[in-house]
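Worksheet: the structure to be examined is printed underneath.
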Amino acid sequence: MTPPKQDRSRATRQRLLASAVACRTERGWAGSTVSVVAERAGVSRGVAQHHFRTREDLFTGAVDYVAEERSAALRALPAQGRAEVVAALVDLYTGPLFRAALQLWVAASNEDRLRPRVTELEAGAGRKTHRIAIEVLGADETRPGVRETAQGLLDMARNLGLANLLTDDTARRARVVAQWAALLDEALGRPPA
């Protein structure tokens, strides 16, 4: 039995977005055209343009896709200690989804049509990631300094992701993650049991 048209359309859109992320990671902005993404997704350029009118539409859609994938990964974290939560947050910024988002940020910094769209999407993604981080950390944002501490964690995670772009920073990153988890326990209080 053939899946309904809406399901096939949604699946095609998801393949295009996943392909856009992969192309951005492997080829950067200049090498990631709608044609290249369509070919990788196994569809024609016309099908790709049916879903995304322009290259900017495709890649801003990819940013939204990346944000949703990161959010889903965070929400899927089982209840664990802070060290594991911190490590999972850092992992989000050291993997291929972050690399693809970073490529788009760089492109947006040089393209006036793309910049406002990426800025708006990233602001929304940042707020969502912050809310989820507060939740998985078991933090009480009504306490003074908790919001800033959680934001500092996310900023640190992003910076570790940047450092990991050039070299394998695994050993140093593990020590930093352990220290941040200890600092969070001190700053945020022990998470509820």
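We did not get these values from a lab; they are worked out from the coordinates using the rules stated. Worth saying up front: this structure is predicted, and the values here are computed from it rather than measured. Cβ placement follows ideal geometry from the backbone for every residue including glycine, while neighbour counts extend to all protein chains displayed.
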Of the options TYR65, ILE134, SER32, report the single residue whose Cα projects farthest towards the positive end of the charge dipole of the chain (beta-carbon charges: Lys, Arg +1; Asp, Glu -1). SER32
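Say R0 is 22 Å: what FRET efficiency, to the nearest 0.05, do LEU162 and ARG131 get from their beta-carbon distance? Before the final figure, lay out each step's value.
Numbers: r = 23 Å, r/R0 = 1.05.
The pair LEU162/ARG131 has a calculated efficiency of 0.45.
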About the Cα centre, charge dipole magnitude for the range 16-159 (Lys/Arg +1, Asp/Glu -1 at Cβ), debye: 220
Taking the Cα atoms of the range 55-188, what is the range of coordinates along each of the three principal axes, in descending order and whole Å? 45, 35, 25
Please go through the range 92-162 and write out the trypsin sites (Lys or Arg not before Pro) that DSSP classes as loop and that have at most 16 other C-beta atoms within 10 Å. ARG113
If you line up the Cα atoms of the range 1-133 on their principal axes, what length do they span on each, largest first, in Å? 48, 46, 24
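Within the range 1-84, report the trypsin sites (Lys or Arg not before Pro) that DSSP leaves as loop and that have at most 16 other Cβ atoms within 10 Å.
Working: sites: LYS5, ARG8, ARG10, ARG13, ARG15, ARG24, ARG27, ARG40, ARG45, ARG53, ARG55, ARG70, ARG75, ARG82; in loops: ARG53.
Answer by residue number: ARG53.
Determine the calculated [θ] at 222 nm for the chain from helices alone, applying -39500 (n - 2.57) to every DSSP H run no shorter than 4 residues and normalising by the residue count; nearest 500 deg cm²/dmol.
On the way: 9 runs with 146 residues, N = 193.
Calculated mean residue ellipticity at 222 nm is -25000 deg cm²/dmol.
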